[in-house]
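Quick notes on the structure that follows.
The values are calculated or read from the model by the stated rules, or taken from the named source; none is laboratory data. As the structure is a prediction and not an experimental result, all values here were calculated from the model. Positions of Cβ are backbone-derived with ideal geometry, glycine not excepted, and every protein chain shown enters the neighbour counts.
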Amino acid sequence: MHRSVCRPRPPNIGGALLLDLILTEWNMSSNMKIISWICRIAVAIILFQTLFFKFTGAEESKYIFSTVLSPELEAFGRIGSGIVELIAVILLLLPRTVWLGAMLALGTITGALFSHLTLLGIEVKGDGGLLFALASAVFILSAVLLFIHRHAIPVVGSVFKHINA
């Protein structure tokens, strides 16, 4: 008797990834999906638009990082935080990694808010508090995203399965 050997087919990475992305938000109500996407897009736009100023070395950006760090470390802080924010933007826009993008954005923006409150002040170089307001918006929206996607957080996400809010 001849046995046929069933060999597993290699996974369709593209299709599996797409399916995984779709299923990540499958269990969310449509209202939560809309709120999540609005928050994600808002945070991504705010963080992304600041990258131009950080990567081109705009005067205001140089002033901020010289004040917070030192003139010698200004470029490292400016470029480094820009790279972290770019990674956060990418992670926020991928449904599977929203929790990680929100956590990264929340951590980064907490440092920015702390710098405003301790070293820079609410108003920086006559901006009328715009940077502080944008940082506050990113903080609040990232916290909302982290709450919405709390179940997706590895290890601790399972703790939240019984908490419905």
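Would you check if residue 88 is within 30 Å of residue 63 (Cα to Cα), in contact (Cβ under 8 Å) with a residue 60 or more places away in the chain and of a type in the set (Gly, Ala, Ser)? Give the steps one after another, and end with the answer.
Details: within 30 Å of residue 63 (Cα to Cα): yes; in contact (Cβ under 8 Å) with a residue 60 or more places away in the chain: no; of a type in the set (Gly, Ala, Ser): yes.
Taking the combined requirement at face value, the residue does not satisfy it.
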Any chance residue 114 is farther than 14 Å from residue 60 by Cα and modelled with pLDDT under 95: no
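Give the residue, chosen from 66, 136, 142, that is at pLDDT 95 or above and buried (at least 17 other Cβ atoms within 10 Å of the Cβ). First the steps, then the outcome.
Values: 66 fails: buried (at least 17 other Cβ atoms within 10 Å of the Cβ); 136 fails: buried (at least 17 other Cβ atoms within 10 Å of the Cβ).
That would be 142, the only listed residue that is at pLDDT 95 or above and buried (at least 17 other Cβ atoms within 10 Å of the Cβ).
Those residues that are basic (Lys, Arg) and either under 27 Å from residue 144 (Cα atoms) or not in a helix (DSSP H, G or I) (or both), I need them from region 39-91; list them, please. Spell out the reasoning first.
Of the residues in region 39-91, the ones basic (Lys, Arg) are 40, 54, 62, 78.
Residues satisfying the conditions are 40, 54, 78.
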Criterion (over 15 Å from the mean Cα position of the chain (by Cα) and over 19 Å from residue 120 (Cα atoms)) met by exactly one of 67, 97, 56: 56
Checking residue 93 against (1) surrounded by 14 or more Cβ atoms within 10 Å (Cβ to Cβ); (2) in contact with a Ser or Thr (Cβ under 9 Å, 6 or more places away or on another chain); (3) of a type outside the set (Phe, Trp, Tyr), the condition it does not meet: (2)
Test for residue 98: is it within 22 Å of residue 64 (Cα to Cα) and in contact (Cβ under 8 Å) with a residue 40 or more places away in the chain: no
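Quick test for you: out of 111, 128, pick the one residue that is under 22 Å from the mean Cα position of the chain (by Cα), small (Gly, Ala, Ser) and surrounded by fewer than 16 Cβ atoms within 10 Å (Cβ to Cβ). Working first, answer last.
On the way: 128 fails: under 22 Å from the mean Cα position of the chain (by Cα).
Exactly one of 111, 128 is under 22 Å from the mean Cα position of the chain (by Cα), small (Gly, Ala, Ser) and surrounded by fewer than 16 Cβ atoms within 10 Å (Cβ to Cβ), namely 111.
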Any chance residue 158 is in a helix (DSSP H, G or I) and farther than 26 Å from residue 35 by Cα: no
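Among the candidates 112, 133, 102, 137, which residue alone is of a type in the set (Gly, Ala, Ser), assigned to a helix (DSSP H, G or I), closer than 18 Å to residue 80 by Cβ and out of contact with any Gly (no Cβ under 8 Å at 6 or more places or on another chain)?
Values: 133 fails: closer than 18 Å to residue 80 by Cβ; 102 fails: closer than 18 Å to residue 80 by Cβ; 137 fails: closer than 18 Å to residue 80 by Cβ.
Residue meeting the stated conditions: 112.
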Criterion violated by residue 28 - all others in (1) at pLDDT below 90; (2) in contact with an Asp or Glu (Cβ under 7 Å, 6 or more places away or on another chain) satisfied: (2)
